Amino acid sequence: MHHDESVVAIETGTPQLLLRREGRVAVMTLNRPASMNALSGELTPAIRRSIQRCADDPDIGALLITGAGKAFCAGGDVKGMGDRFEGAQQSEAERIADLQRKQRTLTGALFRLNKPTVAALPGAAVGAGLALALACDIRILAASAFMATGYARLAMSGDYGVNWFLTRLAGPGAARDMMLTARRIEAVECKAFGLASQIVPDGELQATSLRTADTLASVSGAAVRSIKQNLNDALHLDLESMMDKEADRLIRLLHSDEHRQAAEAFRNKSKDRS
């Protein structure tokens, strides 16, 4: 961290999720190490609230998500799988609508967050935990981290956007391999599939991730919002429509104070070097 603002703890309503702000970075730690940070009826709503908090708080410029102990997130708690789709008294249609709503407000909200997001994986990211990591902009993996979809082994077909994220990030071939075999994908293969930005030694994960998030937090918020909108549009627009959107967003940014200040700083740096 290049500036030493003190660390501010933010209440999440449960010890299962820790949230702190370091400078302009919000650090969210899934904190159920004994269960490999598996999602629970208490943890998941806290993650939702914290994502919303990051969206609303102007002092937060980037979000870093990680897991306590040796895992990132083992996905839905298989032991508590019943509570994940709680209420057998609900009709099937109600349970479908319930999961649809839960998905939109978790990985949907994370993917659409108008600030940069980094997932730091100390170990396993499985199932819905994998979807959580894939919904972030950047993934940094410790050398011992791995990914697995896990669903097929439980006779399940995937949720929280995992099929969509994998197909778009890793491509249809790798997504089919990962979803159908549910095999363990080691860090090096995650990188080859395009699912990891970088792999770092286990002991360096925290410092590297925080440094990365800190750099992202210093980018102009207006530029970040436009870049993320462009990248999301690029998933479904043809080239000409996309370039029209890019032109629209760029010209609007050129008239912003943030652009003028950045251009000025850049010019001053160039002068210093010459």
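Brief remarks follow.
- Straight-line reach from Lys245: taking Cα to Cα under 24 Å and skipping same-chain neighbours fewer than 8 places apart, the lysines in range are Lys115, Lys228.
- For the range 120-274, diffusion coefficient by Stokes-Einstein and Kirkwood Rh (Cα), 25 °C, 0.890 mPa s, µm²/s: 138
- Charged-residue dipole, Cβ positions (Lys, Arg, Asp, Glu), the chain about Cα centre, Debye nearest 20: 220
- Per-residue [θ]222 nm for the chain (sum of -39500 (n - 2.57) over DSSP H runs n ≥ 4, rounded to 500): -13500 deg cm²/dmol
- Computed log10 I(q)/I(0) for the range 7-217 at 0.18 Å⁻¹: -1.32, from the Debye equation with unit scatterers placed on every C-alpha and solvent omitted.
- The chain: antiparallel DSSP beta bridges as a percent of all, rounded to 5: 35
- Using alpha carbons only: equivalent-ellipsoid semi-axes of the range 221-273, gyration tensor based, whole Å: 27, 11, 10
- In the range 1-60, GluC sites (Glu not before Pro) in a DSSP loop with at most 15 other beta-carbon atoms within 10 Å: Glu5, Glu11, Glu42
- Between the range 154-191 and the range 207-252, the Cα center-to-center distance that results, in Å: 25
- For Lys70, the aspartates and glutamates whose Cα comes closer than 18 Å to its Cα, not counting residues fewer than 8 places off in the same chain, are Glu186, Asp202, Glu204.
- For the chain: relative contact order, % (alpha-carbon pairs under 8 angstrom, 6 or more apart): 16
Bear in mind that the values in this text are calculations on the coordinates, not laboratory data. These figures come from a predicted structure and were not determined experimentally. FYI the Cβ positions are ideal-geometry reconstructions off the backbone, even for glycines, and counts take in every protein chain you see.
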